[in-house]
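The values are calculated or read from the model by the stated rules, or taken from the named source; none is laboratory data. Quick caveat: nothing in here was measured; it's all calculated off a predicted structure. As a convention, Cβ positions derive from the backbone with ideal geometry for all residues, glycine included, and neighbour counts pool all protein chains shown. What goes into the accessible areas is simple: the full protein's heavy atoms, side chains included, and nothing from ligands, DNA or RNA. Shrake-Rupley method; radii C 1.70, N 1.55, O 1.52, S 1.80 Å.
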Amino acid sequence: MNSSAWWVTLLTLFCVLQKKGVNGNFTTPCDSQIFCTGKFLHHVQMAKIFEDDKHFVDMSLRDSPNKIHKKFQSLLLTPPSGLVDREKLITFLNTSFNHPGTELEQWDPPDWNESPKFLSGIVDAEFRKWAQNLTSLWKSLGRKIKEEVKTQPDRYSLIYVPNPLIVPGGRFREFYYWDSYWVINGLILSEMTQTARGMIENFLYMVQRYGMIPNGGRIYYIRRSQPPFLTLMMESYMESQKNLTFLRESIPTLLKEYDFWMNNRSISVSLNGNNYTLNRYYVPVGEPRPESYSKDFELAENLTTTVEAKQLLYSDITAAAESGWDFSTRWFYGSTDTLLDTKTSSVVPVDLNAILCRVERTLVKFYTDLGEPEMVSRFSEALKQRLKAVQDVLWDPDLGVWLDYNTEHQKRNTNFYPSNLSPLWASCYEDTTIVDKLVSYLEKSEALTYKNGLPTSMKNSGQQWDFPNGWAPLQHMVIEGLEKTQSPKAQEMAFKLAQKWVTSNFRVFKEYNAMFEKYDVEGDGKPGGGGEYEVQLGFGWSNGVILQLLDLYRSRLTSSAIMTSLSFSTLLLIIIPIIMLTLWV
């Protein structure tokens, strides 16, 4: 072997190790030596030049990656320090990169409708006007990817997709997977079916390109997904458009995504002498998340154990991001009750399996509509097995609800989360008598006592997917699940929860003239907090859920509930001046 061939072999081996991890079990977030892994990323993010690590990995290159790397190498100080002068690094970034967001253009959806029909059904005038304002937000959240992202993809972390899209808002400049389910539902309700279809086609494109749908529209997300809603997006679209041609074209891609989850995110659970196949969140990435690099790196530095232990922590942190619940005590198993105890891959989550249960049921219907009996048989059997596994493994007969199951400790997590009720939303049960048990569970949980909606958990950890935050998708899943039962008590509970959530969102909108990604379920109404970044406004799924609830309870929801829900002290501030003015007159 000549020296040149030897060098190529060594370099190839190095790249393989970089990709798979030193122990062969872990990979990198993506292959980019600028946006995902390597010394360049480490130096920039650990310099903490930007308040938010996502800022750097959303910047685009002004030159080729090779030339950028060569310029960076010249900044490295002489060994043994190998450090970079901070001021020189800042100058380098300013001259070699563009600001985040410059690769996107504002886009006005051509199918935006000023007065979609559902508005006329909303009886409360204040809510009807608000709903019209919310439909206008689709225009402010519309984005189109510039052509250069397609022609020079190596200069961008943004993933090119063929159609314009609706983004969540704030720091979330690109599409996000599970957010888009509620966005698409809101678009369909707003009669923007062309925009909704375009977004679905973008997700189909992602599956065709990557074999799955990334967490969001950036290359640093391509090793992790989010809750698998693509088939349910198609379900919403088909209910509106009944387009069998589009379904027939798309069904192989829906199947491909389902197979990704079954081949890469399934786990076998042995319980009471039986074996069950269920699903979990699992991402074999053994490095920090690029968009939160410094936080992850510093967290892992608190571990004094092996390299493998740090890789496992990175993997579980990334898996929590895949769940959409980043972060929550729901994933904590350990003595510190902090992110160091994150064990996401050991958890069989109720909601993930409920979603896949609904996906399987939907695929039975789709293949029936398309006249493919063999596939109907396959997914009927898959649904049958899922129903049994969810009931046998996740149902807790003592509490009367489904619970996450920890495979390492071989026990259920008895804490309250709205996701515990997600099989109700997914119709992932057969015994209808359990509805009364679920209503009783909610009543005993104290989750109904908060006036602004359901808390995400009962633990105030400082993480954003914990108390006191409430999140739109969780409210909607619980409300829709209760509403579609045949129980009058469950349906009334659903309406009261909807009134709370709509009222709290409206109150905050009146104060800030904005919608937010999360809300505080306590107090007189304010945006949520906690987590890795400031609360973001926009906001895609919050808008979509409110529009759906206003439509669902169009004749019952009332803005007058805001007055009755005000605190006593606030009422005094309103009433006393009125009384004094009356006496003076």
Next item on the list: Would you confirm whether any residue within the range 118-125 is under 25 Å from G324 (Cβ atoms), out of contact with any Phe, Trp or Tyr (no Cβ under 8 Å at 6 or more places or on another chain) and part of a loop (DSSP other than H, G, I, E, B)?
Entry: no
Margin query: If I go through the range 500-514 residue by residue, how many of them are touching a Gly at 6+ places or on another chain (Cβ under 7 Å) and surrounded by fewer than 24 Cβ atoms within 10 Å (Cβ to Cβ)?
Written below: 3
Margin query: Can you pull out every residue in the range 475-509 that is more than 18 Å from A131 (Cβ to Cβ) and among the hydrophobic types (A, V, I, L, M, F, W, C)?
Written below: M477, V478, L482, A490, M493, A494, L497
Notebook entry, point to check: With S225, S240, S250 as the choices, which residue is assigned to a helix (DSSP H, G or I) and open to solvent by less than 40 Å² (accessible area, probe 1.4 Å)?
Noted result: S250
Notebook entry, point to check: Which residues, taken from the range 385-404, are touching a strand residue (DSSP E or B) at 6+ places or on another chain (Cβ under 7 Å), assigned to a strand (DSSP E or B) and open to solvent by less than 10 Å² (accessible area, probe 1.4 Å)?
Noted result: W402
Checklist line | Hits in the range 85-124 - residues which are of a type in the set (D, E, K, R), under 18 Å from N185 (Cα atoms) and surrounded by 13 or more Cβ atoms within 10 Å (Cβ to Cβ) | finding: D111
Note to self: Filter the range 145-180 down to the residues that are in contact with a Pro (Cβ under 8 Å, 6 or more places away or on another chain), in a helix (DSSP H, G or I) and surrounded by 24 or more Cβ atoms within 10 Å (Cβ to Cβ) and list them by number.
What the structure shows: D179
Checklist line | Of the criteria (1) assigned to a helix (DSSP H, G or I); (2) aromatic (F, W, Y); (3) open to solvent by 30 Å² or more (accessible area, probe 1.4 Å), which one F495 fails | finding: (3)
Next item on the list: Return the total of residues in the range 281-306 being at pLDDT 95 or above and open to solvent by less than 50 Å² (accessible area, probe 1.4 Å).
Entry: 16
Next item on the list: Starting from residues that are open to solvent by 60 Å² or more (accessible area, probe 1.4 Å) and over 22 Å from D31 (Cα atoms), keep the ones in the range 66-80 and report whichever is modelled with the highest pLDDT.
Entry: S74
Item checked: Search result, residues across the range 135-167 that are polar (S, T, N, Q) and out of contact with any strand residue (DSSP E or B) (no Cβ under 9 Å at 6 or more places or on another chain) -> T135, S136, T151
